[in-house]
Amino acid sequence: MIALRFQLTSPFSGDLGFSGVPLRAAFLNLLRESDEQLSNEVHDSDDVRTYALDPFPLDSRLQTLLREGERCEFGVNLFKAEQVERALRGIALKPHRDLRIHQYAFPLNRIDFSRSDPEKLMSSWSQLVPANVSSPVIVRMRFTTPTQLSHYGTGRAYLVPTPDKVFSGLLRVWNTVEKATKLAEVSDYRDWVDSNVYISAHRLRTVRVSLGRSRSFVGFVGNVTYQIDDSRDPLSRFTVGLARFGEMCNVGKNRTAGMGRIVVSIGGQDTREEGASASEGVRFQRVSSSG
């Protein structure tokens, strides 16, 4: 896996709106200048998209306010590293680089590059859970940008972060990572999640962000606590690893534009969040596609 960090200088002062969508377009355009076919493959594939974006910092309205001359950064995580290495060399060697964001040319000051071994990462994440303790595992997720899940392969939005949708979605992305051990059957893992993971607390709200040109995106933000029944189960530790991987790949629809950003913490016991909803402790059952 490759993580890129772009540092730019703002050429204007003003409100950029939700920065994830124009930043995605700018990154794909930068990639297209080196390899147009690769840019199309990375974004237009019908399969799970193999990258995710961390937008400019957002305010409480989920907007980015910039000042002329201010340094600003965003990140892109790429899960098929070998696919893009040649294009990245071309980007790094290009002189007088800038990124076009809306109608503005942002001077590109530097690109930081790091490579990670996915197996070592998953091993370190999984070790957050002791293998010899039978107590439940607590996974807390804070959804910081609007999150919208798919409803069983349809175009309909699903705005409840049920464990089956969140963790099976993360597994689909993990299965695209180069040189990573994969679980072959997402459906089998989803069945395990249905039986072993449930929501023990949550505080969520629905938000709408403008994407410009009369477009908008509706999703939920807020905090969710998941409880996994038995920490000794290897799949429990793998599920913790997937949660941490979610900080790199985002969750749900439009994660390549910075939607579904999460912050994760892992604990060994459930300290209920103040003001958690009345649905604490409820197990959500997966509804069949025929239902």
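Quick notes on this one:
- Note on the chain: with a GNM built from Cα contacts shorter than 10 Å, the maximum mean-square fluctuation among Trp192, Trp125, Trp174 falls on Trp192.
- The long axis of helix 234-249 is offset from the longest Cα principal axis of the chain by roughly 20 degrees.
- Relative contact order of the stretch 2-115, taken over Cα pairs closer than 8 Å and 6 or more residues apart, is 48 percent.
- Burial ordering of Arg190, Arg255, Arg142, fewest other beta-carbon atoms within 10 Å first: Arg142, Arg190, Arg255
- Degrees separating the helix 186-196 axis from the principal Cα axis of the chain, which is the longest one: 50
- Considering only Glu119, Glu41, Glu68, the Gaussian network model of the chain with Cα springs below 10 Å gives its largest mean-square fluctuation to Glu68.
- Listed values [x] 1.03; [y] 1.13; [z] 1.42, entry calculated as Cα Rg over 2.2 N^0.38 Å: [x]
- Footprinting exposure proxy for His102, His202 (fewest neighbouring C-beta atoms within 10 Å first): His102, His202
- Three-way shape label, the stretch 91-147, alpha-carbon gyration tensor, a/c 1.5: oblate
- The value of relative contact order for the chain, using C-alpha pairs under 8 Å at least six residues apart, is 25 percent.
- For the chain, lysine pairs separated by 8 or more sequence positions, or belonging to different chains, with Cα-Cα distances below 27 Å total 14.
- With both labels modelled 7 Å from their Cα along Cα-to-Cβ, the Glu73 to Ile111 distance reads 1.7 nm.
- With Cα atoms, 0 to 90° folded angle of helix 81-93 axis to the chain main axis: 30
- Over all directions, the projected convex hull of the C-alpha atoms in the stretch 2-115 averages 7.2 nm² in area.
- Note on Asn29 and Ser124: the extension gain reaches 30.7 nm, defined as 0.36 nm multiplied by sequence separation minus the Cα-Cα distance.
- With a simple spin-label model that places each label point 7 Å from the Cα along the Cα-to-Cβ direction, the separation between Ser195 and Ser265 comes to 3.2 nm.
- In the chain, helices alone account for a calculated mean residue ellipticity at 222 nm of -9000 deg cm²/dmol, with every DSSP H run of four or more residues adding -39,500 (n - 2.57).
Where a number appears in this text, it was derived from the coordinates with a stated rule and is not lab data. These numbers were taken from a predicted model, which means no experiment stands behind them. Heads up, the Cβs are rebuilt from the backbone with ideal geometry, glycines too, and the neighbour counts pull from every protein chain shown.
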